[in-house]
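Take a look at the structure set out below.
The values are calculated or read from the model by the stated rules, or taken from the named source; none is laboratory data. Computed from a prediction, not measured in an experiment: that's the story for all the values here. In this analysis, Cβ positions are derived from the backbone assuming ideal geometry, glycine residues included, and neighbour counts consider all displayed protein chains.
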């Protein structure tokens, strides 16, 4: 059963910007990114089950598949592939990594600023607890506590987004 046009417009409004950022990161032009967004929403409109519990995850998986399908079509044309094209598995691994990165960034945006700052300091900037405490001007014990509760909150947000640990 397909969705009605109002549902499609709602999907586009709610998820289009995030899908576009993902597609733009994986393609070489804004036009290609927009084509991927439109194709993804069209596919979901034609094939989505009535009640998908995680529509955002379903859309991103669909966009991932559209990107890989487009890549495969291009690589089968010698003129566009060029001498240094990637094999399918390394390309899809790169797309998966990009999708995970964007998903985690979005999830981090849903955390409180205190938790996000500590997680970024410890896990992305690779600071020690003491260095993070000094940079954030909070006690080391507070860094540890915020890291613990922040990671719990991050797992919860990722789970709500449909990401399985």
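The table below lists the values:
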{"item": "Positions within region 118-138 being in contact with a helix residue (DSSP H, G or I) (Cβ under 6 Å, 6 or more places away or on another chain) and not in a helix (DSSP H, G or I), in sequence order", "result": "127"}
{"item": "Region 15-34, subset free of Cβ contacts under 8 Å to residues at least 40 places away in the same chain and touching a helix residue (DSSP H, G or I) at 6+ places or on another chain (Cβ under 8 Å), residue surrounded by the fewest Cβ atoms within 10 Å (Cβ to Cβ)", "result": "30"}
{"item": "Matching residues, region 91-111, being exposed (fewer than 12 other Cβ atoms within 10 Å of the Cβ) and in contact with a helix residue (DSSP H, G or I) (Cβ under 8 Å, 6 or more places away or on another chain)", "result": "109"}
{"item": "Test: residue in region 57-66 that is at pLDDT 75 or above, assigned by TED's automatic domain parsing to the domain that holds residue 6 and more than 20 Å from residue 9 (Cα to Cα)", "result": "yes"}
{"item": "Close pairs from region 101-126: first without any contact (Cβ under 8 Å) to a residue 60 or more places away in the chain, partner surrounded by 17 or more Cβ atoms within 10 Å (Cβ to Cβ) and in a loop (DSSP other than H, G, I, E, B), Cβ under 6 Å, at least 6 apart", "result": "121/127"}
